[in-house]
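Novice: This is the structure I want to talk about, given as structure tokens.
Every read-out reported here was derived from the displayed coordinates using simple, explicitly stated rules and does not represent laboratory data. A quick note: this is a predicted structure, and the numbers were derived from the prediction, not measured. Quick reminder, even Gly has a Cβ in these numbers, built from the backbone with ideal geometry, and neighbours come from all protein chains shown.
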Amino acid sequence: MDKRQRARELAAESLNAGDPTAWFERLYREGLDVVPWAELRPNPNLLPLDGKGKTALVIGCGLGDDAQQLAKWGFVTTAFDISPTAIEKCRERFPESTVRYEVADLLNVPKDWRETFDFVLEIYTVQALPPAIRQRAIEGASSFVKPGGKLLLVARGRDETDPPGELPWPLTRRELLLFTQYGLREESFEDYIDEESVRRFRAVFTR
């Protein structure tokens, strides 16, 4: 079975059961062979950054490759995922890591993380959430950025007139601008085709 198809089946079951995020843990429990985004490398859409003296938070860190990259660039890095199995795999893969790996929920953010981080990374998490809870996730992501800090988002992109498609649901410009409702300002925006011939949005927001 195609990896993405299995993820879609589990996501649909979770939605029908009224728990739209439960499928992440179920997917990781089935093994890395069925996790569509388990490429075991930093995301190629993540561009080099200077993290010296700065803190960073990785949202939906999966297997930890992006978090490890940020740590290599000098960030004091925290990374979280809603899946305990994913976090366990991160700790197994990087036993000597300086990254703090935690289980947490983007829809119920830890209060002591609010406006705490210099840099927040969100790659492919919001697009994996259904529209009904997407704005709540965007609010949560925005809340982590400290004054003067930045948030980088990378996601699949679509026009407002395009069909919403299937999981992972591409974002629209209007959805991206929801970040500005929660105290952030859009600093830059790119609409491009990536190395996999997928249309991506890459945006940087500041507080």
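Novice: Which one of these is over 17 Å from the mean Cα position of the chain (by Cα), surrounded by fewer than 22 Cβ atoms within 10 Å (Cβ to Cβ) and over 25 Å from residue 148 (Cα atoms): 95, 84? Before the answer, list the steps.
Specialist: Details: 84 fails: over 17 Å from the mean Cα position of the chain (by Cα).
Testing whether each residue is over 17 Å from the mean Cα position of the chain (by Cα), surrounded by fewer than 22 Cβ atoms within 10 Å (Cβ to Cβ) and over 25 Å from residue 148 (Cα atoms) leaves just 95.
Novice: If you don't mind, there's one more thing I want to ask. If you scan region 183-207, which residues turn out to be of a type in the set (A, V, I, L, M) and surrounded by fewer than 12 Cβ atoms within 10 Å (Cβ to Cβ)?
Specialist: Narrowing region 183-207 to residues of a type in the set (A, V, I, L, M): 184, 193, 198, 203-204.
Of everything in region 183-207, just one residue is of a type in the set (A, V, I, L, M) and surrounded by fewer than 12 Cβ atoms within 10 Å (Cβ to Cβ), namely 193.
Novice: Quick check on region 120-130. Is at least one of its residues out of contact with any helix residue (DSSP H, G or I) (no Cβ under 7 Å at 6 or more places or on another chain) and loosely packed, with under 15 Cβ neighbours inside 10 Å?
Specialist: No: zero hits.
Novice: Given (1) surrounded by 13 or more Cβ atoms within 10 Å (Cβ to Cβ); (2) closer than 24 Å to residue 22 by Cα; (3) among the aliphatic types (A, V, I, L, M), where does residue 177 come up short, assuming only one miss?
Specialist: (2)
Novice: Could you list all residues from region 142-163 that are surrounded by 11 or more Cβ atoms within 10 Å (Cβ to Cβ), farther than 19 Å from residue 47 by Cβ and in contact (Cβ under 8 Å) with a residue 24 or more places away in the chain?
Specialist: Matches in region 142-163: 142, 143, 144, 146, 158.
Novice: Quick test for you: out of 136, 156, pick the one residue that is closer than 18 Å to residue 177 by Cα and not in a strand (DSSP E or B). Give the steps one after another, and end with the answer.
Specialist: Working: 156 fails: not in a strand (DSSP E or B).
Only one candidate qualifies: 136.
Novice: Follow-up question, since we're still on this one. Before we move on, is residue 170 farther than 23 Å from residue 73 by Cα, touching a residue at least 12 places away in the same chain (Cβ under 8 Å) and crowded, with 16+ Cβ neighbours inside 10 Å?
Specialist: Working: farther than 23 Å from residue 73 by Cα: yes; touching a residue at least 12 places away in the same chain (Cβ under 8 Å): yes; crowded, with 16+ Cβ neighbours inside 10 Å: yes.
In short, yes.
Novice: To continue, here is another question. Could you check how many residues of region 1-54 are out of contact with any helix residue (DSSP H, G or I) (no Cβ under 8 Å at 6 or more places or on another chain) and of a type in the set (Phe, Trp, Tyr)?
Specialist: So the count comes out to 1.
Novice: Let me ask something else. Which ones in region 15-69 are within 14 Å of the chain's Cα centre (by Cα) and either under 20 Å from residue 146 (Cα atoms) or basic (Lys, Arg) (or both)?
Specialist: Hits for region 15-69 are 56, 57, 58, 59, 60, 61, 67.
Novice: State all residues of region 27-54 that are surrounded by fewer than 17 Cβ atoms within 10 Å (Cβ to Cβ) and either among the acidic types (Asp, Glu) or in contact with a Ser or Thr (Cβ under 9 Å, 6 or more places away or on another chain) (or both); if no residue qualifies, say none.
Specialist: 29, 30, 33, 39, 50
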